[in-house]
Every structure is written in structure tokens, then in C-alpha cells.
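S.K.: Below is the structure I would like to discuss, written out as C-alpha cells.
The values are calculated or read from the model by the stated rules, or taken from the named source; none is laboratory data. Quick caveat, the model's predicted, so the values are computed rather than measured. Note that we place each Cβ from the backbone using ideal geometry, even for glycine, and neighbour counts take in every protein chain shown.
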Amino acid sequence: QLLSKSSKPARRTLPHKTEGDITDSASDLGHPTAPALGLPVLKKAKGHYWYPVDGPKILDACGGAAVACLGHGRRDVVKAINSQLTQYTYASYAHFKTTPVQELSDWLIKSTDGKMQKVYIMSSGSETIEAALKLALEYFLWTAQPTRTNFIAREQSYHGTTLGSLSVSGHVARRAPFTPLLQPAHFHRISACNPYRQRLPCAAGDGEETDASFVARKVAELEAAFARLGPDTVAAVVLEPVVGAALGCVPAPRGYLAAVRAVCDRHGALLILDEVMCGMGRTGVLHAWQGGGEDAAVVPDLQAVAKGFAGGYQPGSALLVGGRVAGVMEREGRTFTHGHTYQNHPVVAAAALAVQRAVEREGLLGNVRVQGELLGRLLRERLGGHPNVGDIRGKGMFWGVEFVKDKGTKEPFQPGLGVAERVHKTAVREFKVLVYHGQGCAGNGRGDHIMIMPAYTITAKLVEEIVERVASAVEEVFGRPWVV
Ligand code: PMP
């Protein structure tokens, strides 16, 4: 008997029965029975296109879940992988140092100007978040602060599918079946940071509050969470600098990250940034925390990267460790009590290195910024006036379009209508463009959205093509009687 009589079992529900449910496309598209759901069978993929066995090619406007940052079938990357495979296919990180891992680690550290000082190469976003949580805990043991065992994350967040990363996530539907194994005692939540849905009207009655007053409210909430838990019990704050699938490409307003960093510093907690989706160039800078434009850099203590890291050519991710933690490890000769069999895999490293060098060599981050401006502008021109398009936001090759029942009140559609899924399906079936979708929830302050996240090699012509096809799909869906 696992539960004593006095302990109350946590409420468990199946995802589709959850109240205040949020789901997104991964629960549908990634399902093992996917072929039964009518998905096309893939023959090949090249550049910006998927080629199914039956039917015409499909324009890839999302790279899976923001994975294919270089597009598909790049010969240079495949060649680098093959070359590594012919030298050695595997080496245990416990027995050997390998050239690709060392070169990649050096390259990553240099890309942060030495702000991040250690690198662990892994295979998925969930693993890196899991590792970040564990490393934070161990760091506080090394530094004689064993009371720091609490983590603060945000509602409507997604940080991974394993038990630790799911515990930190505020994704109601994905957590629901597994609540008995999640850890409510150590994972706490503040509200999401979603300006479109949370900005208050101005006191004067015209317009909405400024970034500064919005950020001040968010910081006060975070401060209150520290005070409630006891500041010396908090190990880390965990968040995505630009929220991906959970909200649909929502950048933090100016000053938010710096303010969260300042709260962490004031209380001695670590800041863990989840850049699994928004990192590795997706927003136009290599690391989302580097800011760019008017946004100042905000350096994390631990950083998770994945998707665009190896661009889908291998299952690759990495945990980057900043100076505060790495310094203690260096000075005191500490070793992280952690390790996966496939950690620091040489083939993964060779793939990631080839992808990153191509991005660098071809100046693709500049292209992401330029084409990102165009993508945002065209989306707004084409869809901004649509009565069911509530918000268009994003940066670089990371744009979200949120649908609403009522533009004035921002009321989302009922999740049962599956609005985002319908846009996704219509886009792919009738207009041959693949976008990512996330379903909203009326009671949950989150609307249905689609995400547009093409490869960094995108051209202006293809940006126009994507916007045209997506807009046609939106018009097709909302023109149908079922939403009226
Ligand atoms: N964090 C974020 C922000 C993500 O978007 C995801 C995946 N969608 C993960 C973590 C988990 O990554 P993975 O699926 O590679 O385990």
C-alpha cells in the first residue's frame, strides 16, 4: 500500500476530462497511433518542404516543434554525421573525451562570451530541465544551503515530459494523469507572463498599463512567493524567456527578465532559463537571454537548449552552466551526481556542431531578424484586422497567432471546438502548409493559437507564401458556420 490512510490522494484525471484543460498539438500529432489519426506517411524532406508518399509537397512553416532550424536534408550536416560515424559511433563520457564534444562545448561557451562555463550534452529538452533542477539542488548542498529545495515556475508553462520537468511545468492536461508522482511540495507557481491577456486597463480609462507597471505587478507576485516560501528555501526560478508551445510565442515584456533576475539575486536563488524552444537562434539572437534591440542581456545560472541545437539531425540538447555554479565546481572539484548513458554522444555533438557552424557561416541569425520583421509585418497586415484574430506576437522565426471568439473582450473559444486544430488541419490539408497549434481554454486565460516557426534559411518569397497560405486557412476555417 503506497498511500497511508491519512494521506489524501491527489486528484487524477485523464487529459480530455480535465477541467480548465489545456492541450496542444504534441498530444495529438505525437501520439503512437498517429497513422490512425489520418496523418500523411512521409517519403522525404528537403529544404523547406515535406514530401508525403501520396499527395503534393507541404511547405514546412514550423519545423516540427521549432526543431528544423536549417531546413531538411542538408548535405553538409549529413556529411559531418557520416564522417563521425566512420571514426567511432559511440564513446562513454565516463571513459573518453571526444573531439566533437570538446569543440562543441568550446563553441557554446564562446557563444556566451564565457558567461556560461560548462556544458553537458544530452538528447532531449526534458532531460536538460531535469538535470538543471538536480544540479541546482546539488549546488546548494555544496554551498551548505540545504534548505533551498523549492522551485518557483509559472502557470501555463511546459518544461518537459519526465517527472521532474513535468513537476515544474504548469501544464494542467499533461500533468493530470500523473499527479501522484509529481512533487507539489517543492514546485510552486506564479502567474504566467502574458501581456495580451493580463495587461490591466489604464486608470485614466484609455489604453492599457505600461510595460513598467505590468512588470512591477509580476515582480511583486514573485517577491510574495519568495516571502511565503521563505527566501532561503528557494533554489531557483524556472521560466522560458519567450514562451513557446504553452502560450504561443509570447516574448517577455521589456524589463521582465532583468527584474526576475534581480529578485533571484536579492534572495540568493538561481535563475534557470528554459530555451529548449526559443533558444539557439530562433528569436534572432543565438541565446534568447542575450536580448538584442532594446532588450538588455540577462544571464541565467543554468540554461537548457534543445530543438534548434542539432536542428533535428540528431536528438540533441544541452545544459549550459553559468559562472556561479561552474565556479564552485571548479574551485572545489565538485562533480555533478548525474549522467545518462548517451550523455556527450559524439554523433549528436558532430551534428550540432555542423548545424551551428552552418548557422554562423551563412549569417543566418541576421536573416532570422530581417525575415522575422517581414513575417510579423505581413501577418499583421493580412490577419490583424480579422475579427477572430486577437493577437499576433513574436520575434525572429517565432510567431504566434491567437484566435478569439470576441476581439473586444478577448474571450477565447471553447476548447471543445478545437479551433486551433481546425486551422492546423485546414492549413495542411487544403493549403499545404504545416503550422504548429495549441489549444486554449475559456477559463484558463489562454486562447487557441498557431505557431509559425520556419527554418532560418527562409526567403522573403517563402515568408509571403507562408502568410498567404496561413491566412487562407484562417479565412476558410472562420468562414464556416460552426464558429458563428
Ligand atoms: N521545454 C520547452 C520549452 C519545450 O517546448 C519542450 C518541448 N516542447 C520541452 C521543454 C521538452 O523537450 P523534449 O520534448 O525534447 O523533451
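S.K.: As an exercise: evaluate Gly390 against (1) crowded, with 17+ Cβ neighbours inside 10 Å; (2) closer than 26 Å to Ala68 by Cβ and give the number of the one condition it does not meet.
M.R.: If we test Gly390 against (1) crowded, with 17+ Cβ neighbours inside 10 Å; (2) closer than 26 Å to Ala68 by Cβ, just (2) comes out false.
S.K.: Which residue is surrounded by the fewest Cβ atoms within 10 Å (Cβ to Cβ), if the candidates are limited to the stretch 209-246 and must be of a type in the set (Gly, Ala, Ser) and within 16 Å of the ligand (Cβ to nearest atom)?
M.R.: Residues of the stretch 209-246 of a type in the set (Gly, Ala, Ser): 212-213, 216, 220, 224-225, 227, 230, 235-236, 244-246.
Restricting the remaining residues to those that are within 16 Å of the ligand (Cβ to nearest atom) gives 236, 244-246.
Numbers: Ala236: 26, Gly244: 29, Ala245: 23, Ala246: 25.
Looking at the filtered set, the residue picked out is Ala245.
S.K.: If only one of Ala326, Ala318, Ala358 is within 16 Å of Ile121 (Cβ to Cβ) and either in the same structural domain as Gly63 (by TED's automatic domain parsing) or in a helix (DSSP H, G or I) (or both), which one is it? Break it down into steps so the answer makes sense when it comes.
M.R.: Numbers: Ala318 fails: either in the same structural domain as Gly63 (by TED's automatic domain parsing) or in a helix (DSSP H, G or I) (or both); Ala358 fails: within 16 Å of Ile121 (Cβ to Cβ).
None of the others qualify; the one that does is Ala326.
S.K.: Being away from the ligand (no atom under 14 Å from the Cβ) and polar (S, T, N, Q) is the filter; apply it to the stretch 154-186 and report the residue that is farthest from Val276 (Cα to Cα).
M.R.: Thr179
S.K.: Can you find a residue in the stretch 331-347 that is within 30 Å of Ile452 (Cα to Cα), outside the structural domain of Val423 (by TED's automatic domain parsing) and either free of Cβ contacts under 8 Å to residues at least 12 places away in the same chain or not in a loop (DSSP other than H, G, I, E, B) (or both)?
M.R.: Yes - at least one qualifying residue is present in the stretch 331-347.
S.K.: All but one of (1) in contact (Cβ under 8 Å) with a residue 60 or more places away in the chain; (2) over 15 Å from Ala471 (Cβ atoms) hold for Trp399, so report the exception by its number.
M.R.: For Trp399, the exception is condition (2).
S.K.: Looking only at residues in the stretch 282-307 that are small (Gly, Ala, Ser) and under 18 Å from Val119 (Cα atoms), which one is nearest to the ligand (Cβ to nearest atom)?
M.R.: Ala306
S.K.: Among strands (runs of 3 or more DSSP E) lying entirely in the stretch 45-152, which contain 1 or more residues that are in contact (Cβ under 8 Å) with a residue 12 or more places away in the chain, farther than 23 Å from Leu271 by Cα and more than 16 Å from the ligand (Cβ to nearest atom)?
M.R.: Fully inside the stretch 45-152 and qualifying: 49-52, 58-60.
S.K.: Confirm whether Asp206 is touching a residue at least 60 places away in the same chain (Cβ under 8 Å) and among the acidic types (Asp, Glu). Full working, then the answer.
M.R.: On the way: touching a residue at least 60 places away in the same chain (Cβ under 8 Å): no; among the acidic types (Asp, Glu): yes.
No.
S.K.: Is it the case that the stretch 393-400 has a residue that's within 23 Å of the chain's Cα centre (by Cα), at pLDDT 95 or above and either charged (D, E, K, R) or farther than 22 Å from Gly311 by Cβ (or both)?
M.R.: Residues of the stretch 393-400 within 23 Å of the chain's Cα centre (by Cα): 393-400.
Checking which are at pLDDT 95 or above leaves us with 393-400.
Restricting the remaining residues to those that are either charged (D, E, K, R) or farther than 22 Å from Gly311 by Cβ (or both) gives 393, 395.
Yes: the stretch 393-400 contains one or more residues that are within 23 Å of the chain's Cα centre (by Cα), at pLDDT 95 or above and either charged (D, E, K, R) or farther than 22 Å from Gly311 by Cβ (or both).
S.K.: If you check Ala153, Ala173, Ala132, which single one turns out to be more than 25 Å from Tyr342 (Cα to Cα), at pLDDT 95 or above, buried (at least 18 other Cβ atoms within 10 Å of the Cβ) and not assigned by TED's automatic domain parsing to the domain that holds Arg446? Working first, answer last.
M.R.: Values: Ala173 fails: at pLDDT 95 or above; Ala132 fails: more than 25 Å from Tyr342 (Cα to Cα).
Only one candidate passes the filter, namely Ala153.
S.K.: Also: Quick one: is Gly207 in contact with a Lys or Arg (Cβ under 6 Å, 6 or more places away or on another chain) and modelled with pLDDT under 95? Break it down stepwise before answering.
M.R.: Values: in contact with a Lys or Arg (Cβ under 6 Å, 6 or more places away or on another chain): no; modelled with pLDDT under 95: yes.
So Gly207 fails the test.
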